[in-house]
Amino acid sequence: MENEKPVVGGQAVIEGVMMRGFGKVATAVREPGGEIDLEVKPVNSISDRFPILKLPFIRGSIVLFESLILGIKSLMYSAKIAGVDEEEEEEISDKELTASIILALIIACGLFIAIPTFAVKFLHTLTEDPFMLNLAEGFLRLIIFLAYIFAISRMKDIQRVFQYHGAEHKTIFCYEADEPLTVENVRKFPRLHPRCGTAFLLIVMLVSIFVFAFLGWPDLLTRILSRIVLLPVVAGISYEIIRFSGRSKNSIVRLATLPGLWLQYLTTREPDDSMIEVAIASLEAVKPADE
């Protein structure tokens, strides 16, 4: 998809939306009293200091890691403002942020790497072919991922977050269409966006199936470590795919992106007007002054 506007990225948080673009990140959160709290901070990517990190197939892992950091910061901030964590008033320390990131990575590696590669050992009675075992592991990982998304999508609190996710997508669509950011304008746009992080994660799962299929079948620890080490490679390939598909108007490419869009029927919900107002406030805060 060719955009008239520069790319803006977003993420839903508790009772709010985080937007990133033009060297800034803004988190808008609906307070319990109904007002919108807005936090705007400058943000600089490490790739600005080291241009080599902007090269294709390298930039994807950088974007993924930086998005993880910003997402956790915004999530903690929104939890405090929304009253989820009222007893915790002080700023998030670097140690707390690091611990949160490490915990998130450990859980992800355990759920999507360790469990699938361990479980596939029970298929040895059916085949000893390393290629087939790796493929089976990849598809099991995909099934776990989809089951996880489906399970959390049934949770009431998460459904509200997914409404903010829908508001984020609609607002970005409106901005990219060069229309004024009003509730009425945003409301008419779709909630499924081709550059969504959900679509990116699905592509990561699919790419990993084919990358890991050629790694042989060593012992369990080596299999787990090899998949962790190759995650930046998988993320780099996946990022280039999502970047290309988001800009392409080719019908075949659009067809290939449909699974990622379909998955967003689970991870987004139609927002109400108050949620759209929050998303608009977040995007307005990161827009260049001349816009």
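Write out the trypsin sites (Lys or Arg not before Pro) in the range 179-210 meeting two conditions: DSSP loop, and at most 16 other Cβ atoms within 10 Å of their Cβ.
Of the trypsin sites (Lys or Arg not before Pro), the ones in loops of the range 179-210 whose Cβ has at most 16 other Cβ atoms within 10 Å are K188.
What whole-number value in Å² describes the accessible area per residue of the range 142-218 for a 1.4 Å probe?
45 Å²
Hey, with R₀ at 41 Å, roughly what FRET efficiency would D273 and I106 work out to, going by the Cβ-Cβ distance, to 0.05?
E(calc), rounded to 0.05, equals 0.55.
For D272, what is the net charge nearby, where nearby means another residue's Cβ is under 13 Å from its Cβ and Lys, Arg count +1, Asp, Glu -1?
+2
For the range 52-208, what does the relative contact order come out to in percent, with C-alpha contacts under 8 Å and a separation of six or more?
14 percent
Report the calculated FRET efficiency for S45 and L255 (r = Cβ-Cβ distance, R0 = 30 Å), to the nearest 0.05.
0.40
Compute the orientation-averaged projected area for the range 147-272 from the convex hull of its Cα atoms and round it to one decimal in nm².
Computing the convex hull of the Cα atoms and averaging its projections yields 9.5 nm².
Give me the angle, in degrees from 0 to 90, between the Cα long axis of helix 156-176 and the longest principal axis of the Cα atoms of the chain, rounded to the nearest 10.
The angle comes out at about 70 degrees.
Please compute the net charge surrounding L64, taking Lys and Arg as +1 and Asp and Glu as -1 over other residues with Cβ under 15 Å from its Cβ.
Here the charged neighbours net out to +3.
Please give, to one decimal in nm, the separation of the simple spin-label points placed at E179 and D157, each 7 Å out from Cα toward the Cβ.
3.5 nm
Before anything else, pin down the relative contact order of the chain: Cα pairs under 8 Å, at least 6 apart, normalised by residue count, whole percent.
31 percent
If you keep only loop residues by DSSP, which GluC sites (Glu not before Pro) in the range 120-214 have at most 15 other Cβ atoms within 10 Å of their Cβ?
E128
Please give me the summed charge of the neighbours of P116: other residues whose Cβ is under 12 Å from its Cβ, Lys and Arg +1, Asp and Glu -1.
The answer is +3.
Can you pull the percent of Cα pairs in the range 41-86 with separation above 16 Å?
50 percent
Sequence-distant or interchain residues sharing an amide H contact under 5 Å with K24, placed H: which?
The list, which skips near neighbours in sequence, is V43.
Contour minus end-to-end for L126 and L55, with contour as 0.36 nm per residue of separation and end-to-end as the Cα-Cα distance?
21.3 nm
Rounded to the nearest 20 Debye, what is the dipole magnitude of the range 38-170 about its Cα centre when Lys and Arg each give +1 and Asp and Glu each give -1 at the C-beta?
It comes to approximately 600 debye.
I need the Kirkwood Rh of the range 218-277: take the reciprocal of the average 1/r across all distinct C-alpha pairs and report it in angstrom.
14.8 Å
What angle do you read, to the nearest 10 degrees and between 0 and 90, between the alpha-carbon axis of helix 197-212 and the longest principal axis of the chain?
Result, in degrees: 20.
Can you give the three extents of the C-alpha atoms in the chain along their principal axes, from longest to shortest, in whole Å?
60, 49, 42
Using only Cα atoms, tell me the angle between helix 231-247 and the longest principal axis of the chain; keep it within 0 to 90° and round to the nearest 10.
Value to nearest ten degrees: 50.
Using R₀ = 51 Å, calculate the FRET efficiency as 1/(1 + (r/R₀)^6) where r is the Cβ-Cβ separation of E35 and F118; round to 0.05.
Computed FRET efficiency for E35 and F118: 0.55.
The values are calculated or read from the model by the stated rules, or taken from the named source; none is laboratory data. These figures come from a predicted structure and were not determined experimentally. So basically every Cβ, Gly included, is an ideal-geometry build from the backbone, and we count neighbours across all protein chains shown. Side chains included, ligands, DNA and RNA excluded: accessible areas come from the protein's heavy atoms. Shrake-Rupley method; radii C 1.70, N 1.55, O 1.52, S 1.80 Å.
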